[in-house]
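Here the structure is laid out as structure tokens; the discussion comes afterwards.
The values are calculated or read from the model by the stated rules, or taken from the named source; none is laboratory data. Remember, it's a predicted structure, so these values are computed and weren't measured experimentally. Here the Cβ positions follow ideal geometry from the backbone for every residue, glycine too, while neighbour counts run over all protein chains shown. With ligands, DNA and RNA removed, areas are computed over all heavy atoms of the protein, side chains included. Shrake-Rupley method; radii C 1.70, N 1.55, O 1.52, S 1.80 Å.
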Amino acid sequence: MTQSDFLPTVTDPLAAPEVRVAAWREELLGRIVKGTLVVGGIACVIGAYFAAQAALWHISALNIGVIVALVAQVVWRHRLPFDVRVTAFLMLGLGLGTAFMREAPTIALLYLSTVPLLTALFLGLRASAFSLMFTTSLLFFMCWLFDLHWPIKGLESSPWRQWFLMSTNFLIVNGIITVSTAVLIRNLQRTTEEAITAQTKLQQLAMFDVLTGLPNRRLLADRLSNTLNQALRTDMKGAVLFIDLDHFKNVNDTHGHAVGDNFLKMAANRLVQVLRRGDTLARLGGDEFVVLLASLSADADTAAHSAQVTADKLRASMEVPFEIADKAYSFSASIGVALFPKIGQTADDLLREADTAMYSAKQSGRNRVVFFEASMQIELRQRLELENDLAQALQKGELSLAVQSLCKAGGAVSGAEVLLRWKHPVRGQVSPADFIPVAEHTGLIVQIGDWVLQEAFALVQQLHDQGRKLPISVNISPRQFYQSGFVEHVRMLMKRHSIGPGDVVFEVTEGLLIKDRDDTIARMHELVALGLQFSIDDFGTGYSSLNYLRRLPLFELKIDKSFVNDATTDAADAAIVRMILSMATELKLKVVAEGVETQAQVDFLASHGCHSMQGYFYSRPQPVAAWLTALSQPTAVQPILPA
């Protein structure tokens, strides 16, 4: 018999150990009583018959009483408490032992021996010890009371010694059996408790998030399926809310994962406090949470309104400052909402719809609630197709570089910027505004950026071979900039292509400085020490700070075209451009104006000291070969209007 044979038959496999052992004892008592009724009933009937033949009416009555008592145990097993039935069964054993002691002392010993054993099985070690001492004392008392003589050789003339010897051996033999049984049951309970604890931990790991204690993806999927099926039966509308904490990565990057984990716990507690008792909050991983709102209303509009109200409360709860590392931080959340049930909708569909709506909320500026629409699924599918095509574009040779000149006011070329282009065999020319964000999101920007860097360095080498020295500007993404080993990789490429000081300008955006600023500045200084120069692209549109301008090893500012466009007609834009040019002069920084398209813009910029200009007025982006050819031709500045 294995250990599992002792386990009780209970519905809940994670019931408390004492409950499982109690159920096992209950089952054992029932089987013993039924077995005793069958076997003992036959024996009692036969015993009652022979006792009546011998005119031992009290023995005959006792046998009949035993049958009645056993039948009562079976009939009333659901009405009487367990302890009462156990006590009655033990008293039956004691009664039989006492009754048989005078006429059949050997049989009496057998009955008395069952009492401490059964006590150990049903009531435990302490009760069995008391029962053993009581039955031993009762045996000695009955030996004296009935003046029993036991056939023990050498002690025929000393009944007291006979009684003492019988009682002592009864105590020893039954003590061994009783204590062994009691210890076995106690160890069984402990083993069961350990098994329950292990099962509970396994269930926690399988069904609940380790960090927050919330349901995980597996348990959420189960509840989604059940809730969706119930909604289809009852026609009650519900909603799934997909929550993503905006810019959570900055917490991990700035304060470390331990602080980030603590923040996630606090965020989970905030979200739980907003929800109703019957709602489900699950954590899918990272900074993603899902809320399941069941039975909102039978009316779709009312259900949507309830979901909107709850989503707004959840979003607002994240805006209350969190105490992190003794500082207060405010966060936001992007929430996507999908309503259910719909015809043919599955749990996976529902979660995907809410996720799609959340992604749309992020694309729309974050910190907002967006409901799922069918058109979003089409857009998501198109985006996934774009991601797949972009992942293969580099290998298939679909990416190329274009070069746009940077010119002085008079038209002399003072440098150039390399720009990435993608010509898809089916889509045709794909706009950088469409595929660069995808590359950033998927991480492909690192691989693509490295290719652009190598091509740009190769272009510089070609210029050197032609006897020209023009600085080439290359856009560097934050993800590429923060890659481990980036500085050493750049050093190796510069050595391979004989890149010297001033040959290459790295264009970075102001968003680069959101991350660890000290590390950013240190890395920039390392690259400047190699001979590279830095330019802030789209200056004035991002995280502008005079403090970082003073600390960064900058070479150049590029005025965003949004300011240049209306600088000649809008007083505010003109003031901004003049301010940037004046500030750059004081900081001894070079300035490049982007998006220059008219002579009026050239005149305005030149009159305020702009060093270089870039735009269609001077040249469109050209393939590398065409641009190199154009360099050798005389410069003729003609306005080139946008296509």
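Couplings 3J(HN,Hα) for the stretch 216-232, derived from phi with the Karplus relation 6.51 cos²θ - 1.76 cosθ + 1.60 (θ = phi - 60°), are 9, 4, 5, 5, 4, 4, 5, 5, 4, 4, 5, 5, 5, 5, 5, 5, 5 Hz, where x marks Gly and Pro. Measuring max minus min along each principal axis, the C-alpha atoms of the chain give extents of 143, 60, 47 Å (largest first). Taking the protein heavy atoms of the stretch 361-508 in the context of the full set of protein chains, the accessible area attributed to carbon and sulfur is 49 percent at 1.4 Å.
Highest mean first, the peptides 433-444, 391-402 sorted by other C-beta atoms within 10 Å per residue fall in the order 433-444, 391-402.
In the stretch 129-177, Rg over Rh equals 1.00, where Rg is the alpha-carbon radius of gyration and Rh the Kirkwood radius from pairwise Cα distances. How far is helix 300-319 tilted off the main Cα axis of the chain, in degrees rounded to 10, range 0 to 90? Taking the Cα atoms of the chain, the angle to 300-319 is about 80 degrees. Charging the Cβ of each Asp and Glu at -1 and of each Lys and Arg at +1, and nothing else, the dipole of the stretch 340-381 about its Cα centre rounds to 200 debye. Accessible area per residue for the chain, computed on protein heavy atoms with a 1.4 Å probe, is 51 Å². Per the Debye calculation on the stretch 549-608 with a single equal scatterer at every Cα and no solvent contribution, log₁₀ I(q)/I(0) for q = 0.22, 0.26, 0.30 Å⁻¹ amounts to -0.83, -1.09, -1.34. Find which of GLN462, ASN269, ALA127 sits farthest along the positive direction of the dipole of the chain, computed with +1 on the beta-carbon of Lys and Arg, -1 on that of Asp and Glu, about the Cα centre. So the residue we want is ALA127. Taken about its Cα centre, the stretch 24-103 carries a charge dipole of roughly 140 debye when the Cβ of each Lys and Arg holds +1 and the Cβ of each Asp and Glu holds -1.
P(r) tail for the stretch 103-247: Cα pairs beyond 24 Å make up 61% of the total.
Accessible area per residue (1.4 Å probe, heavy atoms of protein chains only) ranks THR135, THR310, THR585 as THR585, THR310, THR135, with the largest value leading.
Between the amide H of LEU406 and those of SER414, GLY415, ALA416, GLU417, distances stay under 5 Å, these residues lying 5 or more places away or on another chain, with hydrogens modeled in the peptide plane. Placing +1 on each Lys and Arg Cβ and -1 on each Asp and Glu Cβ, with no other charges, gives the chain a dipole about its Cα centre of roughly 1920 debye. Here, the stretch 237-328 has an Rg and a Dmax of 14.6, 47 Å when only alpha carbons are counted. Each of GLN404, ALA347, VAL624 was scored by the projection of its Cα onto the charge dipole of the chain, and the greatest displacement toward the positive side belongs to ALA347; charges sit on the C-beta of Lys, Arg, Asp and Glu. Rounded to the nearest 10 degrees, the inclination of helix 159-207 to the longest alpha-carbon principal axis of the chain is 20 degrees. Separation of the stretch 119-168 from the stretch 253-309 is 70 Å, based on Cα centroids. Restricting the calculation to Cα atoms, the stretch 32-186 yields a radius of gyration followed by a Dmax of 16.6, 53 Å. Label-to-label distance for LYS362 and SER632 is 4.9 nm, based on points extended 7 Å past Cα in the beta-carbon direction.
Treating r as the C-beta distance of LEU155 and ILE42 and R0 as 30 Å, the FRET efficiency rounds to 0.20. Using the structure shown, select from LYS495/LYS561; LYS408/LYS469; LYS313/LYS362 the pairs with a Cα to Cα distance greater than 26 angstrom. Distance filter (> 26 Å) returns LYS495/LYS561.
Against the criterion of solvent-accessible heavy-atom surface with a 1.4 angstrom probe, ARG79, ARG479 sort, most first, into ARG79, ARG479. In whole percent, and with a 1.4 Å probe on the protein chains, what portion of the accessible area of the stretch 134-236 is carbon and sulfur? Carbon and sulfur atoms account for 61 percent of the accessible area of the stretch 134-236. Protein-only accessible surface at a 1.4 angstrom probe places the residues VAL487, VAL39 in the order VAL39, VAL487, largest first. Remark on the stretch 461-617: Rg and Dmax equal 16.4, 49 Å (Cα only).
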